[in-house]
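Student: What follows is a single structure, and I will ask about it in a moment.
The values are calculated or read from the model by the stated rules, or taken from the named source; none is laboratory data. Keep in mind it's a predicted model, so treat the numbers as computed, not measured. Methodologically, a virtual Cβ is constructed for each residue, glycine included, from the backbone with ideal geometry; neighbour enumeration extends over all protein chains shown. Side chains are part of the model used for accessible areas, which takes the heavy atoms of the whole protein and leaves out ligands, DNA and RNA. Shrake-Rupley method; radii C 1.70, N 1.55, O 1.52, S 1.80 Å.
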Amino acid sequence: INEDFFKAQSQDEATDEASYKAWLKSKMQEYYDKEAEKNFHSSIVETLLEKHPLDVPDVLQDTVAQSYMENLKQQMGGKIPDGFDIASIKNMSGEQIMRDARWMFISEKLEEKFSEQVEIKAEDIDNFLADQAAQYGMQPDQLKQYYASNTQQFEQLRGSIREKKLFAVLSDLVKEVELSKEAFNEKM
């Protein structure tokens, strides 16, 4: 264990044991902060879904199932097992498809309601790409070129930014209620 080891393990951010431990601690904190944010967003979604039960047309369920199929196809290198089709996906993921379709309706209405706050600006895209580039050790220009050549991925990027902005707005609207440990356990 030497300076080269610490640099290699920390993408050149640490040079000794103390700085490596600090780097590692910061990465662990980042992970838990992101997980807490995801859990908070999931709670918001689940609460909104509970408060707004909707019937989802079959055609929208098919659209969501088709997007599942496209994602699966991408994950499997463009090949899907024989006999695996939309009906299979709907059979396996029916509840999740319904949930996602309902959330599409609700989030679309929320985006309309908060249109000014969720509007995507050029700097939003630049900031998102800079964050992603840093995360993957790339240059932002490399990612810009990738998204410029792939319109579907670019639309997904815009959707991610819009969703992030929507959750920021919704997070501001949520009122925190402090509970004792006993009250929390009872509520859970």
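Student: For the stretch 1-87, build the convex hull from the C-alpha positions and give me its volume per residue in Å³. Don't skip to the end; give the middle numbers.
Tutor: On the way: hull volume 13.3 nm³, N = 87.
Cα convex hull per residue, to the nearest whole number: 152 Å³.
Student: Right, something else. Would you compute, for the Cα atoms of the stretch 51-115, the largest minus smallest coordinate along each principal axis and list the three values in descending order, in whole Å?
Tutor: Computed over the Cα atoms, the extents are 43, 23, 17 Å.
Student: Using the Kirkwood radius over Cα pairs, work out the Stokes-Einstein diffusion coefficient for the stretch 124-176 at 10 °C and 1.306 mPa s, in µm²/s as a whole number.
Tutor: Values: Rh = 12.1 Å.
In µm²/s, the coefficient is 131.
Student: Roughly how many nanometres apart are two label points built 7 Å out from the Cα toward the Cβ at residue 173 and residue 22?
Tutor: Spacing of the two 7 Å Cα→Cβ label points: 4.2 nm.
Student: Assuming 0.36 nm per residue, please report the length gained on full extension of the stretch residue 47 to residue 87 beyond their Cα-Cα distance. Could you put the intermediate results ahead of the total?
Tutor: Values: separation 40, 0.36 × 40 = 14.40 nm, distance 2.89 nm.
Length difference between fully extended and current span is 11.5 nm.
Student: Within the set of other residues whose C-beta is less than 14 Å from the C-beta of residue 66, count the net charge using Lys and Arg as +1 and Asp and Glu as -1.
Tutor: Numbers: positive: 73, 90; negative: 58, 62, 70, 85, 100.
My count for the surroundings of residue 66 gives -3.
Student: Another one. Need the C-alpha centroid separation for the stretch 136-168 versus the stretch 40-97, integer Å.
Tutor: With the stretch 136-168 and the stretch 40-97 each reduced to a Cα centre, they are spaced 22 Å.
Student: Taking the Cα-to-Cβ direction at residue 119 and at residue 54 and moving 7 Å from each Cα, how far apart do the two end points lie in nm?
Tutor: So the two model labels end up 2.4 nm from each other.
Student: Moving to a separate point now. In square angstrom, rounded to the nearest 10, how much accessible surface does residue 125 have for a 1.4 Å probe?
Tutor: Accessible area of residue 125: about 30 Å².
Student: Next question. What is the helix-to-structure angle for 140-149, meaning the angle in degrees between its Cα long axis and the longest Cα principal axis of the chain, kept from 0 to 90 and rounded to the nearest 10?
Tutor: Rounded to the nearest ten degrees, it is 30.
Student: Separate question: Using helices alone, what [θ] at 222 nm do you get for the chain, with -39,500 (n - 2.57) per DSSP H run of 4 or more residues, divided over all residues and rounded to the nearest 500? Before the final figure, lay out the partial values.
Tutor: Values: 9 runs with 147 residues, N = 188.
Result for the chain, helices only: -26000 deg cm²/dmol.
Student: Next question. For residue 148 and residue 67, what is the calculated FRET efficiency with R₀ set at 25 Å and r taken between the beta-carbons, to the nearest 0.05?
Tutor: Numbers: r = 23 Å, r/R0 = 0.90.
So, using R0 = 25 Å, E works out to roughly 0.65.
Student: For the stretch 171-184, in order, what is each residue's ³J(HN,Hα) by Karplus, 6.51 cos²θ - 1.76 cosθ + 1.60 with θ = phi - 60°, in whole Hz (x at glycine and Pro)?
Tutor: 4, 5, 7, 6, 9, 7, 10, 7, 10, 6, 4, 5, 5, 5
Student: Something else now. May I ask you to give the solvent-accessible area per residue for the stretch 1-117, in square angstrom, as obtained with a 1.4 angstrom probe? All intermediate terms of the calculation are to be shown ahead of the outcome.
Tutor: On the way: 8580 Å² over 117 residues.
Per-residue value: 73 Å².
Student: Per Stokes-Einstein, at 4 °C and 1.567 mPa s, what whole-number D in µm² s⁻¹ belongs to the chain, with the Kirkwood radius over Cα pairs as the hydrodynamic radius? Could the numbers behind the result be given before it?
Tutor: Details: Rh = 20.3 Å.
Translational diffusion coefficient: 64 µm²/s.
Student: Normalising by the residue count of the chain, find the relative contact order in percent from Cα pairs under 8 Å and 6+ residues apart. Don't skip to the end; give the middle numbers.
Tutor: Values: 91 pairs, mean separation 28.5, N = 188.
Once normalised by length, the contact order is 15 percent.
Student: For the stretch 26-165, which whole percent of the accessible surface, found with a 1.4 angstrom probe, sits on carbon and sulfur atoms? Don't jump to the answer; show the numbers that get you there.
Tutor: Working: 4880 of 9870 Å².
So the carbon and sulfur contribution to the accessible surface is 49 percent.
Student: Taking GluC sites (Glu not before Pro) that fall in a DSSP loop and have at most 12 other Cβ atoms within 10 Å as cut points, what is the longest piece of the chain between them? Intermediate results must be reported in sequence, preceding the final value.
Tutor: Details: sites that count: 119, 176, 178.
The longest such stretch corresponds to 1-118.
Student: Quick check of the Kirkwood formula: for the stretch 39-81, what is the inverse mean of 1/r over all pairs of different Cα atoms, in Å? Please list the in-between numbers first.
Tutor: On the way: mean 1/r = 0.0792 Å⁻¹.
About 12.6 Å, per the Kirkwood formula over Cα pairs.
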